[in-house]
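For reference, the structure discussed in these notes is given below.
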Amino acid sequence: MKKQFVFIAILVLAIILVGCNATQGVGSDKNQEIAIASNSVLSPISEYFPFLENTLFEYEGIGNEYAEQITFYEFIEGNKAQVKVDNPGTNIIKVLELKDGALSEIYMEGEFYHIENMLNAKANKQEIILMEPLELGNTWATLDGHEKEITGIDVLIDTPYKSFNALEVTTSFDEGRQQKEYYAKGVGLVARIYNDGEYEVKTMLKDLKETELEQNIELFYPLKDNSQTVYVQDTIAYTTNSNIEKLIEDKLKNPIEDQLTQVLPDNVSLNSLNLDRSEWVLKVDLSDNFLSELNAGSSYEYEILRSLVNTLGKFFDTEEVYISIAGRPYESGHLQLSEGEFFKVNLEDIKEYK
């Protein structure tokens, strides 16, 4: 299922986000309102780009359809954070790392519509966002060789959410193009503005609130009368560092309609979910009591497994799902998997339950 053009899409989106996503800043007059001492040193990076749990950032966009976005910290561990970026075109996840006086984006993946902790994934980039010392005139290079510079301290920036005194970072591109980003203490990025002559694209903070985030999911269940398997559209509400196994397990145990059969018995656990990106196979491990708690005939067992495979395969965007029980390949009196074999998503004759 993973589309072959994802890599190209990621590159295009990277260009859009770096070169086109912008924000509303204040005009040049306001930018000059506050006098700046050339040797003025600010607080550490963590104050200007904090990793905020359970906080939804909503940005208004002007000038480009992808400038509008919502961001949310999905996972935070020590000096690393994973951010979900949702814009009208796609969902992206970025892994940020604060290390050796620099905040860097070390991983990015587009078309990311599920929930998965990628904090320990192998880095696929090293783009410095902020670098100490946080003082006027400090410069560093982007991956593509352009220059970033701290061009303002305590710059007044107006956003729909509120006004901030922010750190201003300017990226200079070829042919006079510029992008200015504004970081406020205790918040992080509050505004970005990109200029290419008269062409301007803005992204600016519209709302900031403590909340959970909802993720769409299709859930598959057999009907209680055993006539067919159906699916329902639902959402998963999750908070920073949520256990996705437990969230999905709860959904599979508690169908939203009375006529649907639970896929996992009450005493069964969904031990782990691991997406093997080398083969693009989802590896699922169930607790040792799955078969004894299920206690089902062959046809019912098949529909339960089909519902489980379809739900997890669709969510993780893969057609192949390997199931083990307490670490052993799936084996019952009716079905058996060898090491390396897997079940496949099967949507034949399945309709939405309404």
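Numbers below:
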quantity: Filtered residues of the stretch 207-237 (kept if in contact with a Leu (Cβ under 6 Å, 6 or more places away or on another chain) and closer than 30 Å to V190 by Cα); calculated: K209, T211, I236
quantity: Residue within the stretch 114-131 that is in the same structural domain as I92 (by TED's automatic domain parsing), surrounded by fewer than 16 Cβ atoms within 10 Å (Cβ to Cβ), part of a strand (DSSP E or B) and among the acidic types (D, E) present; calculated: no
quantity: Subset of the stretch 41-95 [over 29 Å from D154 (Cβ atoms), of a type in the set (D, E) and not in a strand (DSSP E or B)]; calculated: E65
quantity: Only one of L213, L282, L189 that is touching an Asp or Glu at 6+ places or on another chain (Cβ under 9 Å) and within 18 Å of G313 (Cβ to Cβ); calculated: L282
quantity: Residue match in the stretch 292-313 (condition: part of a loop (DSSP other than H, G, I, E, B), among the charged types (D, E, K, R) and either touching a residue at least 24 places away in the same chain (Cβ under 8 Å) or over 19 Å from Y221 (Cα atoms) (or both)); calculated: no
quantity: Residue in the stretch 267-279 that is surrounded by the most Cβ atoms within 10 Å (Cβ to Cβ), counting only those that are over 20 Å from the mean Cα position of the chain (by Cα) and not hydroxyl-bearing (S, T, Y); calculated: L270
quantity: Boolean, T171 is among the β-branched types (V, I, T), touching a Leu at 6+ places or on another chain (Cβ under 9 Å) and either part of a strand (DSSP E or B) or buried (at least 18 other Cβ atoms within 10 Å of the Cβ) (or both); calculated: no
quantity: For D250: the one exception among (1) closer than 30 Å to A81 by Cβ; (2) of a type in the set (D, E); (3) assigned to a loop (DSSP other than H, G, I, E, B); calculated: (3)
quantity: Unique residue being within 19 Å of F342 (Cα to Cα), in a loop (DSSP other than H, G, I, E, B) and not assigned by TED's automatic domain parsing to the domain that holds F57 when the list is S227, S278, S272, S242; calculated: S278
quantity: Residue satisfying condition, being in contact with a Leu (Cβ under 6 Å, 6 or more places away or on another chain) and surrounded by 20 or more Cβ atoms within 10 Å (Cβ to Cβ), within set L282, L286; calculated: L282
quantity: N79 closer than 18 Å to S242 by Cβ, free of Cβ contacts under 8 Å to residues at least 24 places away in the same chain and surrounded by fewer than 18 Cβ atoms within 10 Å (Cβ to Cβ); calculated: no
quantity: Selection count where residues are of a type outside the set (F, W, Y) and more than 14 Å from F72 (Cα to Cα), scope the stretch 207-234; calculated: 16
quantity: Boolean, N195 is modelled with pLDDT of 95 or more, within 24 Å of T71 (Cα to Cα), over 26 Å from the mean Cα position of the chain (by Cα) and surrounded by fewer than 16 Cβ atoms within 10 Å (Cβ to Cβ); calculated: no
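Matching residues to (1) over 18 Å from the mean Cα position of the chain (by Cα); (2) more than 20 Å from N79 (Cα to Cα):
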position: I106; (1), (2): no, no
position: Y113; (1), (2): no, yes
position: N124; (1), (2): no, no
position: A141; (1), (2): yes, yes
position: V155; (1), (2): yes, yes
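The values are calculated or read from the model by the stated rules, or taken from the named source; none is laboratory data. None of these values were measured; they are calculated from a predicted model. Here the Cβ is made from the backbone with ideal geometry for all residues, glycine too, and neighbour counts use every protein chain on show.
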